[in-house]
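The values are calculated or read from the model by the stated rules, or taken from the named source; none is laboratory data. Quick caveat: nothing in here was measured; it's all calculated off a predicted structure. Reconstructed Cβ throughout: ideal geometry from the backbone, glycine too, with neighbour counts over all protein chains shown. Just the protein is used for accessible areas: all its heavy atoms, side chains included, with ligands, DNA and RNA removed. Shrake-Rupley method; radii C 1.70, N 1.55, O 1.52, S 1.80 Å.
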Protein chains: 2
Amino acid sequence: MAPKAKAALSDRSNRRDDVLEAAAALFASKGYAATSIRDIAQQVGILSGSLYYHFASKEELLLEAHARGVAQVTEAVEGALAAAGTPPWERMAAACCAHLEVLLGPSPFSQVITPQFPSHFDGDVRATLLQQREGYEDIFRTLVSALPLPATVSPRLFRLSLLGALNWTPTWYQPGGSESPASIAGGIVDAFRLQLDPGA
Amino acid sequence: MAPKAKAALSDRSNRRDDVLEAAAALFASKGYAATSIRDIAQQVGILSGSLYYHFASKEELLLEAHARGVAQVTEAVEGALAAAGTPPWERMAAACCAHLEVLLGPSPFSQVITPQFPSHFDGDVRATLLQQREGYEDIFRTLVSALPLPATVSPRLFRLSLLGALNWTPTWYQPGGSESPASIAGGIVDAFRLQLDPGA
DNA sequence: TACAAACAACCAATCGCTTGGTAGCCTGAG
DNA sequence: CTCAGGCTACCAAGCGATTGGTTGTTTGTA
């Protein structure tokens, strides 16, 4: 059905972006390996062969979708940090809030990041995925180093635990629920913060 | 179709378990969709068709491997709780330690649990995966409810954050490292515990 | 005309799964 | 002891469908 939904709008919007967005949505919901290029093409309304005019391979689709997802989260977090104050815990809370709002938001790109374990890929793809994430994690490395943590707490383990709690939320979060991503982020940060600042 | 075929045991090495273990190892390292029946059969040293004497389908392989993984973690945690004392935080620490020791240990079954997002599956398979995990999470529901948490902290969000931090460890843990799963679990629990017990 | 963007047809390879057949072992009747 | 018969565990071959990807041609628009 819908032989041509066509028309009027091939306008401003880039068809290549449409393909990338459809790919990201399918990767996020079904996983990379379970998504075929015909699935992606059908979602956009083109044939599988036409897809290769825009992208050289399925791997390129994944890498670019993943990169865009990381870029979106990075942009959101850096924007939140620019608007935040100077207290370290306040900055951390702002970053985690922005992180979760994008991760649990409607963008299909950010949803590609967490479910695709880099360990499921080999060689170049795996290396590229890890490299794309590394720059983003540096933001949190800096944020953690500014916190007044007790000497008994390893900053690295603290960072990994916090990011783990945040990145695990897509497993149980349901968009229709009563809790907003921002309130969830606040609750998670509180669980880690109260240890030094009991007067919340 | 299948009466209790289990009764007659060939005491020698159970070939069916070999297949299941190979399947679990491949599911854990490459993901379910990226693992083919022929991959599994080749790992065991049989042909792909022979595999269907032991298992009816690839889905059955996943479901049984997942169930065995959940059973292993459940057994380890319940054993640790039986040997632990009565203080709520001590019991929680013991459970988390056992949880991580199995999750990061050598068993391929437990490693199937975390990387396979149930959201990547449909219908019966998804429902079964969720059901298998539910019983295990009840243990942590009970443990959290016994903790003297401040009223501002949601027990549900606390539990999900703690499990998120734990279940995220396979993403970054490397077996050769200097930290043991037990010490990692202790560090994670400490990050959540210090809030009420600063004199640790 | 010129070019971007798509179609249509196809490829070799691989997918999950089915089938018919058969060694090797164990059992129990003769 | 023999040996038919059943059972376990597998092999060999192949099914239709689908995979990622390629190629030559056609379309819409400027």
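Do the conditions hold for A:Ser145, that is, is it within 19 Å of B:Ala151 (Cβ to Cβ), of a type in the set (Gly, Ala, Ser), more than 8 Å from chain B (Cβ to nearest Cβ) and open to solvent by 50 Å² or more (accessible area, probe 1.4 Å)? No: the conditions fail for A:Ser145. For segment A:118-127, the set of residues classified as surrounded by 20 or more Cβ atoms within 10 Å (Cβ to Cβ) and not in a helix (DSSP H, G or I) consists of A:Phe121 only. Here is the figure for segment A:43-73: residues that are more than 10 Å from DNA strand C (Cβ to nearest atom) and more than 14 Å from chain B (Cβ to nearest Cβ) total 17. Pairs linking a residue in segment A:110-123 that is more than 11 Å from every other protein chain (Cβ to nearest Cβ) to a residue that is buried (at least 23 other Cβ atoms within 10 Å of the Cβ) and not in a helix (DSSP H, G or I), with Cβ atoms under 9 Å and 6 or more positions apart or on different chains, are A:Val112/A:Tyr32. Taken together, the residues in segment A:87-117 that are surrounded by fewer than 18 Cβ atoms within 10 Å (Cβ to Cβ) and within 30 Å of B:Phe27 (Cα to Cα) amount to 2. Remark: pairs (first residue in segment B:75-86, surrounded by fewer than 16 Cβ atoms within 10 Å (Cβ to Cβ); second residue part of a helix (DSSP H, G or I); Cβ separation under 8 Å; 6+ apart in sequence or on different chains) = B:Glu78/B:Ile139; B:Gly79/B:Ala98; B:Ala83/B:Ala94; B:Gly85/B:Arg91. Filter segment A:33-74 for residues that are hydrophobic (A, V, I, L, M, F, W, C) and open to solvent by 30 Å² or more (accessible area, probe 1.4 Å); which is farthest from DNA strand D (Cβ to nearest atom)? Residue satisfying both the conditions and the ranking: A:Ala71. Of the residues making up segment B:164-185, those that are closer than 19 Å to A:Leu163 by Cβ, more than 10 Å from every other protein chain (Cβ to nearest Cβ) and surrounded by fewer than 19 Cβ atoms within 10 Å (Cβ to Cβ) number 2.
Residue-wise test of (1) within 17 Å of the chain's Cα centre (by Cα); (2) at pLDDT 95 or above; (3) not in a helix (DSSP H, G or I).
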{"site": "A:Phe140", "(1), (2), (3)": "yes, yes, no"}
{"site": "A:Pro148", "(1), (2), (3)": "no, no, yes"}
{"site": "A:Ala151", "(1), (2), (3)": "no, no, yes"}
{"site": "A:Leu157", "(1), (2), (3)": "no, yes, no"}
{"site": "A:Leu160", "(1), (2), (3)": "yes, yes, no"}
{"site": "A:Ala165", "(1), (2), (3)": "yes, yes, no"}
{"site": "A:Asp190", "(1), (2), (3)": "no, no, no"}
{"site": "A:Gln195", "(1), (2), (3)": "no, no, yes"}
{"site": "A:Pro198", "(1), (2), (3)": "no, no, yes"}
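At the interface with chain B (Cβ under 10 Å from one of its Cβ atoms), out of contact with any Cys (no Cβ under 6 Å at 6 or more places or on another chain) and crowded, with 20+ Cβ neighbours inside 10 Å: is that true of A:Ser161 in this structure?
So A:Ser161 fits the description; yes.
Given the structure, is B:Thr152 among the β-branched types (Val, Ile, Thr) and more than 8 Å from chain A (Cβ to nearest Cβ)?
no
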